[in-house]
Structures are given as structure tokens and as C-alpha cells.
């Protein structure tokens with residue numbers, strides 16, 4: 001099962017920095033300043049790193065509210 005820590009590792013890879021204070025409640029757009037390009041990079045990296053496949057059309061704005069919300073979205077794609 002995919003954990004929040006797995007998603008955080010992907011975020012660190014895409015953002016090319018350590019994120020020691022990031023947890024499930026961290027807001028992706030506001031606190032990590034992800035823009036649309038970064039979101040796409042994160043989604044592609046999740047697919048590649050975690051072996052998950054999903055249709056971006058299924059992604060809704062609320063799935064990007066937090067690390068926890070994104071993790072739950074990814075879990076539900078399996």
C-alpha cells in the first residue's frame with residue numbers, strides 16, 4: 001500500500017530538495033508552491049516511481065489539497 005512517505009519522497013525528487021517538515025497535512029499548492037507544471041511532474045514521477053497508473057482526467061482539485069489527499073487519490077487508482 002502506498003504511504004504518505006512514498007509521496008513525500010517523490011515530491012523531494014521532483015522539487016530537488018529535502019522536505020523534513022512535510023507531512024500529510026502539508027498543502028501542496030500553498031505551502032510547497034507547486035504550479036501546474038510541477039503538479040504534472042509529480043504525477044508522472046508517482047506513476048514511474050510507485051508503479052501506479054492513472055488518468056489525469058480523474059484528478060480533481062481536492063486531490064491536490066494536501067499530501068494526504070494526493071496519497072489517497074493515488075491509493076484509489078490501484
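Laboratory data are not the source of any read-out in this text; all were calculated from the coordinates shown. All values derive from a computational prediction rather than experimental measurement. Here the Cβ is made from the backbone with ideal geometry for all residues, glycine too, and neighbour counts use every protein chain on show.
Taking the range 29-39 as the region of interest, how many residues are part of a helix (DSSP H, G or I) and surrounded by 15 or more Cβ atoms within 10 Å (Cβ to Cβ)?
So the first thing to find is which residues in the range 29-39 are part of a helix (DSSP H, G or I), and the list is 29-31, 36-39.
The next check asks that each one be surrounded by 15 or more Cβ atoms within 10 Å (Cβ to Cβ); those that pass are 29, 38-39.
Looking only at that region, the number is 3.
Suppose we filter 7, 42, 14 for residues that are buried (at least 18 other Cβ atoms within 10 Å of the Cβ) and in contact (Cβ under 8 Å) with a residue 60 or more places away in the chain; which single one remains? Don't jump to the end; show me each part of the working.
Details: 42 fails: in contact (Cβ under 8 Å) with a residue 60 or more places away in the chain; 14 fails: in contact (Cβ under 8 Å) with a residue 60 or more places away in the chain.
Only one candidate qualifies: 7.
So which of 26, 71 is surrounded by 16 or more Cβ atoms within 10 Å (Cβ to Cβ) and assigned to a loop (DSSP other than H, G, I, E, B)?
On the way: 71 fails: assigned to a loop (DSSP other than H, G, I, E, B).
Sole residue among the options that is surrounded by 16 or more Cβ atoms within 10 Å (Cβ to Cβ) and assigned to a loop (DSSP other than H, G, I, E, B): 26.
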